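Just so it is clear, none of the values below were taken in a lab; they were calculated from the coordinates. From a predicted model like this one, the values you see are computed outputs, not experimental measurements. Glycine gets a Cβ as well: all are built from the backbone with ideal geometry, and neighbour counts include every protein chain shown.
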Amino acid sequence: MNKKFLCCKKLVCFFLFAVWLCPCEAAGEKKDIEDIRPAAKAGTWYPGSKDTLTGTVRRLLEGAEPRNVVGTIKAIIVPHAGYIYSGGVAAHAYRLIRGRQFKRVILVGPSHHMRFEGASVNLQSAYKTPLGIVPVDQEMGRKLLNASPHIRWIRAAHTHEHSLELQLPFLITVLKDFKIIPIIMGHYDYDTCLNIANTLVSYLGEAEDTLLLASSDLSHFYSYTRARALDLKFIDRVRAFDPQGLYDDLVSGKCEACGGGPVITILLAARKMGADRAVILKYANSGDVTGDHHRVVGYLSSALIRSSDTGPRQK
């Protein structure tokens, strides 16, 4: 009896030690359900008051040029600076998808605060915003995590990151009843972008209710003229739907973007999901807003479209 008691006691101690070493795995599903990411940039990068934020987003949407595109929207590319700088550009893409029946949005943005290889998918249960809670598709997030060696969950990469958070008030305003899969990319090469794109497509197929979203600003802190020259090269590659050419230009310095990896990844994934053309909705830089043309940041809003519902899909 004493030997059995000692054996059980050792097992209990071992289990408790394992829980202490790996709280995420041992805590199970309950931890995920209660784990909501706070709004890190509300009140600074965008309004923190519900009423003020609602009015701001609606004003930006109404100020965007209405566009009619023929075909199916598979993805959008949007900027992520403070709303006073890039909100008007971002609104062009969000006005385009307003009222559409997307039930899942895969957001891919760059890491501004941590350096790491590949990508991190956030498995927290939801994101808090002044306009409400945005649930995370944890089930799909786990599938992606288990499917690719380039995708991990690095909690700290998401804690203060703004590139995805700034999209949420727009999404809440233009869509209903949707979940998100938040992905932050660190250091990348072309093969990493391709692997992540293939992983996304392998689980999503050609899902009509899924929107892909790449978050990126363009060149940073050049003169107005120099910034436009760099940014237009980036835009030309997007318009040509040329992810390999975009990667080559980013590596060679012919253009710049803080979210180059996310844009390449979404171009690759959208193409595999049937998109065959890119529509440039709006380009501007911070100098167009502030009047200061000495050190500007570039912003792009674009949509990736599948022209025909009957055409062949690219493999």
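Summary table
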{"quantity": "Fraction of beta bridges assigned by DSSP in the chain that are antiparallel (%, nearest 5)", "calculated": "50"}
{"quantity": "Fewest-first sequence of M114, M140 by Cβ atoms within 10 Å of each Cβ", "calculated": "M114, M140"}
{"quantity": "Net charge contributed by nearby residues that have their C-beta within less than 12 Å of H293 (K/R +1, D/E -1)", "calculated": "+1"}
{"quantity": "Label corresponding to Rg/Rh (Cα atoms, Kirkwood Rh) when calculated from the structure given, among (i) 1.05; (ii) 1.03; (iii) 1.09", "calculated": "(ii)"}
{"quantity": "Dimensionless Rg over Rh [the range 171-315; C-alpha; Kirkwood]", "calculated": "0.98"}
{"quantity": "HN-Hα J in Hz across the range 41-52 - Karplus 6.51, -1.76, 1.60, θ = phi - 60°, x for Gly and Pro", "calculated": "10, 5, x, 10, 7, 8, x, x, 7, 4, 5, 5"}
{"quantity": "Trypsin sites (Lys or Arg not before Pro) restricted to DSSP loop in the range 95-139 with at most 12 other C-beta within 10 Å", "calculated": "R115"}
{"quantity": "The range 35-306 - charge dipole about Cα centre, Lys and Arg +1 at Cβ, Asp and Glu -1, debye rounded to 20", "calculated": "460"}
{"quantity": "Pairs of Cα atoms farther than 17 Å apart, the range 125-197, %", "calculated": "50"}
{"quantity": "Cα-only radius of gyration and Dmax that characterise the range 246-315, units Å", "calculated": "15.3, 48"}
{"quantity": "Positive dipole terminus of the chain, leading residue within S252, P169, V136 (C-beta point charges)", "calculated": "V136"}
